[in-house]
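Please read the structure below before turning to the comments.
The values are calculated or read from the model by the stated rules, or taken from the named source; none is laboratory data. As the structure is a prediction and not an experimental result, all values here were calculated from the model. Here the Cβ positions follow ideal geometry from the backbone for every residue, glycine too, while neighbour counts run over all protein chains shown.
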Amino acid sequence: MFKKALFVLLTLILSVGFADFSLAAETGNKRKGKYTYRKVYESCLKRGAVETAKPKLNPDAHSQAEWTKIFKDKKFAEFGCSEEWSKLSDEQQSDIYSYLHDHASDSATPAKCN
């Protein structure tokens, strides 16, 4: 009886561990996201579409829920630079989302683009 209970407990722990790992794999890399986000606007500046390479929106411009909705619906018009945004891969969008979401106005570490 003890061995069976131990086996069930270990199976449950491993299942939760793998589920947690798979959820983490779905999120982007916020460090890459910060870099990519800035590169979008540098490219946009070179094209002459904006006056500064500083991104139009800071991460703290929206709450985490708002960032989630923007990226879920893929409504990027507010960002400007639509030509550059249309060229981003899903992975790059995920990275930018992680950066913006993790530093949103209601996060533990709200941030502004410098």
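Got a sec? Which helices (runs of 4 or more DSSP H) wholly within the stretch 57-108 have at least 3 residues that are under 13 Å from the mean Cα position of the chain (by Cα)?
64-73, 90-102
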Take the conditions modelled with pLDDT under 95 and in a helix (DSSP H, G or I) and apply them to D20. Does it pass? yes
Search the stretch 43-56 for residues being surrounded by fewer than 17 Cβ atoms within 10 Å (Cβ to Cβ) and not in a loop (DSSP other than H, G, I, E, B), and hand back the single one that is modelled with the lowest pLDDT. R47
Considering every residue within the stretch 83-100, establish whether at least one is buried (at least 18 other Cβ atoms within 10 Å of the Cβ) and over 17 Å from Y35 (Cβ atoms). no
